[in-house]
Structure formats: structure tokens, C-alpha cells
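One structure is given below, encoded as C-alpha cells.
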Amino acid sequence: MSNDRTITFSLGDEREQEIRRIMQIVYDALKEKGYSPINQIVGYILSEDPTYITTLNNARSLIRKIDRDTLLQTLVKYYLTN
């Protein structure tokens, strides 16, 4: 008997999960350093200047792995769909 089920998955979902994980690390690191995480992340997004993000817990390096356009698209999608 053949199995005609089709299994689907989206790499987009995995990428969004990775972005969420990175952003949580960045947020927590900024908070731990005493910064306003939202203000710092917005500053980074607007300017793409990595000095807005602390090096604590490798946060600066991690956030730079995310393309700024992808980050903005993910944030807008999350905001509008939740």
C-alpha cells in the first residue's frame, strides 16, 4: 500500500525561529548591561551601526548574522500576524 501523504515544511519558519532566538539573546544582553533594549535595537535597525549592540554574550556578532531587511520583514510580519 502506498503512502500518498505529502509532508511539507518551510525553511522560512526555521529562519524565523533562528531570528527569534538571536533577538532574545540580544535583548537579554542589552538588558543585562543596563541599556534600553528596544531603543538600542531600533537604533541598530535604523543606522545598521553595530555599536548600538553590546558584545556581551556575543550579541553584536549574532545580530549581524541577520540581514537588516530580513529582520525588518520578520518583525513586521510578526506584529501584523499576532
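Readers should treat all values here as calculations from the given coordinates under stated rules, not as data from a laboratory. Predicted model, so just to flag it, every value in this text is computed and none were measured. Positions of Cβ are generated from backbone atoms using ideal geometry, with glycine treated the same way; all protein chains shown enter the neighbour counts.
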With r as the distance between the Cβ atoms of Thr55 and Val76 and R0 = 22 Å, compute the FRET efficiency 1/(1 + (r/R0)^6) and round to 0.05. 0.20
Can you list the HN-Hα couplings for region 38-50, worked out from phi with the Karplus curve (6.51, -1.76, 1.60; θ = phi - 60°), rounded to whole Hz and with x for Gly and Pro? 5, 4, 5, 5, 4, x, 5, 4, 5, 9, 6, 8, x
Can you work out the base-10 log of I(q)/I(0) for region 18-82 at q = 0.16, 0.23 1/Å, using the Debye formula on its C-alpha atoms alone? -0.46, -0.96
Extending each Cα 7 Å along its Cβ direction at Arg64 and Asn39, get the distance between those two points in nm, one decimal. 2.4
The helix 11-32 Cα axis meets the longest alpha-carbon principal axis of the chain at an angle in degrees, between 0 and 90 and rounded to 10, of 20
Given the rule -39500 (n - 2.57) for each run of at least 4 DSSP H residues, summed and divided by the residues of the chain, what is its mean residue ellipticity at 222 nm, to the nearest 500 deg cm²/dmol? -20000 deg cm²/dmol
